């Protein structure tokens, strides 16, 4: 026989207030938005550091996708009547900055430098995918299908970018 602890034993008992969920949503949208802007500022120099033409093309494609994702996030802010707030983003921008340090450490070894680029871009895309998924679930709870659709598009693009990078890294490992 199970002992009762007074805690909810099912997820349907979790009660998120609309106001609290909206605040959570916007705060975390701010973080991913700021990280995207930071990454967008760094990607042009990364193209010049990459050696492998397929990787250069993937970085260019990722840059285009990030620009579209940022535009969609701006639409989300408009739909929610919210403004971008640049709060704490050290975790995501730290990951991006770590990537650049690792890439620089491999200077003079083009293949390892390219692998560092791929490694960190895949990690960044994974974080973005997870962020978009959680925000999409929150958008469902907020009952805003337009926001949910925009986030789904961002998720699909991030997933596509990550898959492309996996394919390129497999070329490195199998060559």
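The values are calculated or read from the model by the stated rules, or taken from the named source; none is laboratory data. It should be emphasised that the depicted structure is a prediction, and the values quoted were computed from it without experimental measurement. Glycine also receives a Cβ, built like all others from the backbone with ideal geometry; neighbour counts cover every protein chain displayed.
Determine whether the range 83-98 contains at least one residue that is surrounded by 11 or more Cβ atoms within 10 Å (Cβ to Cβ), in contact with a helix residue (DSSP H, G or I) (Cβ under 7 Å, 6 or more places away or on another chain) and at pLDDT 90 or above. Checking the range 83-98: at least one residue is surrounded by 11 or more Cβ atoms within 10 Å (Cβ to Cβ), in contact with a helix residue (DSSP H, G or I) (Cβ under 7 Å, 6 or more places away or on another chain) and at pLDDT 90 or above.
Residue by residue, here is whether (1) part of a helix (DSSP H, G or I); (2) under 15 Å from the mean Cα position of the chain (by Cα); (3) free of Cβ contacts under 8 Å to residues at least 60 places away in the same chain; (4) closer than 22 Å to residue 58 by Cβ holds:
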| position | (1), (2), (3), (4) |
| --- | --- |
| 85 | no, no, yes, no |
| 101 | yes, no, yes, yes |
| 121 | yes, yes, no, yes |
| 129 | yes, yes, yes, yes |
| 138 | yes, no, no, no |
| 141 | yes, no, no, no |
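Select from the range 62-75 the residues that are under 30 Å from residue 111 (Cβ atoms) and surrounded by 15 or more Cβ atoms within 10 Å (Cβ to Cβ) and list them in ascending order. Answer for the range 62-75, where residues must be under 30 Å from residue 111 (Cβ atoms) and surrounded by 15 or more Cβ atoms within 10 Å (Cβ to Cβ): 62, 63, 65, 66, 69.
Of the residues that make up the range 41-58, is at least one part of a helix (DSSP H, G or I) and farther than 21 Å from residue 169 by Cα? Yes - at least one qualifying residue is present in the range 41-58.
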